[in-house]
Amino acid sequence: MENQENIDRMTTLSQVMQKLQQRGIHREFRMNEECEMKFENSEKNYQPSELTILKTYRFEGDSNPDDNAVLYVLKDTAGNIGMIIDSYGADSNYPGEDFDKFLRDIPVEESEEYNF
């Protein structure tokens, strides 16, 4: 279990990504140009119902609103765990409404396992 001092230090995207990589989570789910959600190095095309959001981390830049980002930890129905990284606001990594709608349709089961 993490102590409070360590929890307070987990404030940047890179710190959280490093912690996830230590747990073996390094692959990403990404939406392609055809608005298909794929798992890195896989050809499977996911529907929102085949994924579950386990944790959401939001990061806000101290001095620049362009530094805003969100990281989602997700699990698919086969047990694969990965992440989605997106800047939010005007400069989203995924323009258009398809990505936002896809995310809204994914069930959320916040897991204490990823509180660090």
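For Thr11 and Glu110, the difference between the fully extended length at 0.36 nm per residue and the C-alpha to C-alpha distance is 33.8 nm.
Around His26, with a cut-off of 12 angstrom between Cβ atoms, what is the net charge of the other residues, counting Lys and Arg +1 and Asp and Glu -1? Walk me through the numbers on the way to the answer.
Numbers: positive: Lys19, Arg23, Arg27; negative: Glu28, Glu40.
Net local charge, His26 excluded: +1.
Here, each number is a calculation from the coordinates, and none is a lab measurement. Keep in mind the model is a prediction, meaning the values are calculated, not measured. Cβ coordinates were reconstructed from backbone atoms using ideal geometry, including for glycine residues, and neighbour counts include every protein chain displayed.
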